[in-house]
1. Output ³J(HN,Hα) for segment 60-68: one whole-Hz value per residue in order, computed from phi by the Karplus curve 6.51 cos²θ - 1.76 cosθ + 1.60 with θ = phi - 60°, and x for Gly and Pro.
2. Normalising by the residue count of the chain, find the relative contact order in percent from Cα pairs under 8 Å and 6+ residues apart.
3. What accessible area per residue, rounded to a whole number of Å², is obtained for the chain using a probe radius of 1.4 Å?
4. In the chain, carbon and sulfur make up what percent of the accessible area (probe 1.4 Å)?
5. Taking the Cα atoms of segment 54-115, report the difference between the largest and smallest coordinate on each principal axis, in whole Å and largest first.
6. Could you tell me the largest-minus-smallest coordinate of the C-alpha atoms of segment 71-226 on each of the three principal axes, in descending order and whole angstroms?
7. Let me know the volume per residue of the alpha-carbon convex hull for segment 79-144, in Å³.
Amino acid sequence: MTRKTPLDIARMQPWPVKVIWGMLAFEFLLALFERQWPLAGVALFTFVLTLVPLYVSSRIGISMPTALVVAVTGFIFATIFLGEAFDFYNRFWWWDIALHGGSALGFGLVGFVFVFMLFEGDRYAAPRWAMALIAFSFAVTIGALWEIFEFGMDQIFGTNMQKSGLMDTMGDLIVDVIGGALGALAGWAYLYGRGPGFTRAFFEDFVTRNRRFFRKIGKRRRGRRR
């Protein structure tokens with residue numbers, strides 16, 4: 001099998017990702033022309049961050065669903081570029097809440113996928129509630145680590161990522177808990193063949209794209225029928 005180059009991987013990405021890349025490239029060049037060096041740096045940094053998930057997934061041999069690629073790229077763009085460079089956090093009071101809630105839900109879904117992958121798709125290898133609990137813990141842990149990162153940036157570099165301090169941190173953690181719980185609950189429902197359609201589609205798409213990591217799907221059920 002021919003190994004894909006970074007350029008090949010970039011060409012394969014969905015059009016929303018390419019649109020975001022185009023916007024970042026335009027803002028980067030415009031900022032250079034106007035000598036707005038901080039804005040140019042943020043645009044370049046954001047672009048590099050959007051490439052990290054694609055690079056990591058290609059290195060470990062995991063195929064990311066299109067919806068996940070678009071969501072991750074959009075989240076990085078909304079958080080770093082729009083949130084910090086264009087001050088969307090202060091312009092729109094709901095911006096931080098929406099991003100934290102959406103990311104926590106996403107981490108809950110991704111956490112469940114990786115737990116399911118550890119058991120190679122065996123729905124009966126562990127209690128369903130335990131799989132959901134691990135996914136929930138994963139999402140909340142990521143949220144807590146992000147809050148620690150914000151605190152460190154504010155203390156070391158004098159930024160204002162925590163905005164209103166304790167109230168901002170606790171509000172973010174509460175939203176993270178709610179979003180992570182919803183993502184884990186969606187994974188739990190998927191094991192019963194239920195749940196919202198878009199979450200089931202996400203799980204099924206991921207499993208289909210990475211079938212070799214889910215070799216035990218359906219095996220125990222077929223064994224019982226025999």
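1. 8, x, 10, 8, 7, x, 4, 4, 5
2. On the way: 231 pairs, mean separation 50.1, N = 226.
It rounds to 22 percent for the chain.
3. Result: 60 Å² per residue.
4. 69 percent
5. Sorted largest first, the three principal extents are 40, 22, 14 Å.
6. Each principal axis gives a Cα extent; for segment 71-226 these are 65, 24, 24 Å.
7. Values: hull volume 5.4 nm³, N = 66.
Normalising the Cα hull of segment 79-144 by residue number yields 82 Å³.
The values are calculated or read from the model by the stated rules, or taken from the named source; none is laboratory data. None of the values given here were measured: they were computed from a predicted structure. Just the protein is used for accessible areas: all its heavy atoms, side chains included, with ligands, DNA and RNA removed. Shrake-Rupley method; radii C 1.70, N 1.55, O 1.52, S 1.80 Å.
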